[in-house]
Structures are given as structure tokens and as C-alpha cells.
1. So what's segment 1-107 giving for Cα Rg divided by 2.2 N^0.38 Å, two decimals?
2. In Å and whole numbers, how far do the C-alpha atoms of segment 107-283 stretch along each principal axis, longest first?
3. Please work out how much length the chain gains when fully extended from residue 122 to residue 92, using 0.36 nm per residue of separation minus the C-alpha to C-alpha distance, in nm with one decimal.
4. Over 25 Å between Cα atoms: which of 48/161; 91/161; 48/91 fall into that group?
5. Compute the length gained on full extension between residue 290 and residue 66: take 0.36 nm times their separation in residues and subtract their Cα-Cα distance, giving the result in nm to one decimal.
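Derivation of every value follows stated rules applied to the coordinates shown; laboratory data play no part. All values reported here derive from a predicted model rather than from experimental measurement.
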Amino acid sequence: MAHDRHDDFAGTTFGDGRYRTLRRIGGGGMAVVHEAHDQALDRIVAVKRLRTDLAEDAVARSRFAREAEHAAALNHPAIVRVYDTGEDEGKTGPVPWIVMELVEGYTLRALLRHEGPLAWPRALRIAAHVLDALEYSHERGIVHRDIKPVNVMVTEEGAVKVMDFGIARAVHGTAASLTAAGHIMGTPQYFSPEQALGHPASPRSDVYSVGCLLYELLVGTVPFDGDSAITVAYKHVRDQPLPPSAHAAVPGTVDDLVLHALRKDPQLRFASAAEMRAAVARISPDGLADMTAPVAVPTGRAQRRTAARDRARRRTVLVAAAAAAACLLAAVLAVMLG
Ligand SMILES: Nc1ncnc2c1ncn2[C@@H]1O[C@H](COP(=O)(O)OP(=O)(O)OP(=O)(O)O)[C@@H](O)[C@H]1O
Ligand SMILES: [Mg+2]
């Protein structure tokens, strides 16, 4: 997707000069993400701005701002924290932005690209974290609407962070930006049949999307794919998915779980994220007893940070040992010299 060069804001300030934008991290169908320095709190954050061309659409703009405000009320370890939201005057009008926690890690898309399909116990563990996040947000009346591998990150310490709560509606639901929406719907592989039909999304739609996500984590491909958004949408509505075991070594219990999440009729799926989460725990080898266990091996910076901590600890031990030896020597000398 071509991105406007004007959407690279590196080196500018926003939020009444509070934030200074550093490098561009990425961009998707509707927004551009940069690393930024919060000069008030002296910390590095991530900032997401609605794409300039979409910001010209008043409906998209106000929805983006409203959804961002809702997302800012969510506070959960598996949800990317939204710190601040606002609007800045752009060349063609106001452009809304969201300042959030900078996640040091990689998306599930990147994880799949680097590692290929995951062993089923690990895939289930990641799904459980996503379901925890959804259970929490659904209780607060927020449906995610766009669960997919680029919207879930794994941190360098191996934690899971879901992002972009509710934001999809900002643009997907805008009749006025049909072209833009067609653009955004370039990857409808994780949409529920009801969303594909243009019906409102419910918590059960998120359950369906988690089914698609888990399917891909297990086998490396989505349950329904095709050359165009329409083809994929049609398959969501009409085609039966092959069980994951047709592609990968997974037990029948995992097939049943995934296929139940992927039922066409929302009423026949798990009734809630919590219900699916309980089913995941039942079939996980360890019953998901310890949800703090990392889902990924700490890499790169996290490993270097751990190594630095270990070195610091070794230094402390050495200094303490040297101090103890010096004390002992002093005591021995004191005794010998009377
Ligand atoms: N808080 C964050 N911390 C670190 N990286 C982030 C953060 N938010 C987004 N990113 C990165 O920026 C990329 C772009 O995010 P964005 O949500 O704009 O698009 P997307 O999710 O890739 O696609 P789409 O627009 O279709 O949802 C993400 O894929 C991710 O790599
Ligand atoms: Mg996203």
C-alpha cells in the first residue's frame, strides 16, 4: 500500500509541543506509527496518527478520536496502554493521534514469518492471553473488531500485548470512505461472517477472529484466503473450514476448539471470550496454571538487558566477597599483631 510521504512525521512535535516524534515504526491501512519522546515525563512512547488522507473524512476522524478515548480507559497487562489522545492541526485540517506504550517486541505476523507455525501448546497460550484481554474489554463494552496477527505483539520478555481496541470501527464503519474502507479491508481474513456481511460486530465476532488467529498460529495459513476481499468474505460466510489437523499435528481437542470458534452462526460459537478461554485452559497440557510464563524466548535487547543485570549482580557479589576478605584479613592481622 502506498503511503504518502507527508505521513512521515519524524522530527516534528505535537500535543502542544509535549511530544517529539522520532523514527517511523510502521503504518497500516489507516494510520502511521512513530516512536516519540514524551518530554513532560521523559520517556519513549509510540504515537499513532490517522493517515492524512483519511483525516479529511470528518466521520472517520471523529470516530477515531472517540474510539481512542474508549481504548484509553482500558488498563490490563495484555492490552497496550493508551496514555494520551488528541488532535493536531495538519495541513489539510485536524489530525487525531494516540500516544501509547511503546512495545519492544514483534507482532505475531513477524513471529509467524520467522518461526513458522507454532507448537500447539504455545499457540493456545498466546490465544489465552488474547482472550484474557478481550474478556476484560468486553466486560467494559468494548469489542475489538480487528483481531489479527499485526494487532498482537509479543514483547522481548515474552509477554503478549493486544492493540487497536475498537479503532477499526473508526474507518470500517464509514460509508463516506468506501474506497478507503475497501483499501483497509484488503485483509478481511480475520473478519467474522457477520462483519463480512456488514452487520454489527459483537463480542462473539472477536471470538471468531481469535479462531482465525489461532488457526494461523497452528498451521501457518488462515482458514479462508483468496485473491480478493470479496472472495475471502464469501468464504467466511459460505465455506466450511478444514480442521487444523488437516495441515498440522494437533490433537482432536484443538480441532474442536478452533472449529467451535469458527461457527458461522454467532449463537453457535463460544458465548464469550471467557468461555473460550476456559476451553483453552481445559485442553492445554498444563491447564494454563502459570500465565506469567513467557510465550517467546526473550531475544535481542531483552537478553542483553538480562545479561547486563547478571553482570551487575556478579560485580556486586565480587565486591561483597572482596570486602568480606578484607574484613577477615584485618581481623586476622589484628589478632596476630595483638
Ligand atoms: N504501541 C506500539 N509499540 C510498538 N510498535 C507498534 C505499536 N503500535 C503499532 N506498532 C507497529 O506499527 C505497525 C503499524 O501499526 P498499525 O496499527 O498502524 O497498522 P497494522 O496493525 O499493521 O495494520 P492495520 O492498519 O491493517 O491494522 C504495527 O504492525 C506494529 O509493528
Ligand atoms: Mg494495528
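1. Working: Rg = 13.0 Å, N = 107, 2.2 N^0.38 = 13.0 Å.
The value comes to 1.00.
2. Reported extents, whole Å, longest axis first: 44, 34, 33.
3. Numbers: separation 30, 0.36 × 30 = 10.80 nm, distance 4.64 nm.
Additional length available on full extension: 6.2 nm.
4. Numbers: 48/161 16 Å; 91/161 33 Å; 48/91 17 Å.
Result: 91/161 exceed 25 Å.
5. On the way: separation 224, 0.36 × 224 = 80.64 nm, distance 3.58 nm.
Contour length minus the Cα-Cα distance gives 77.1 nm.
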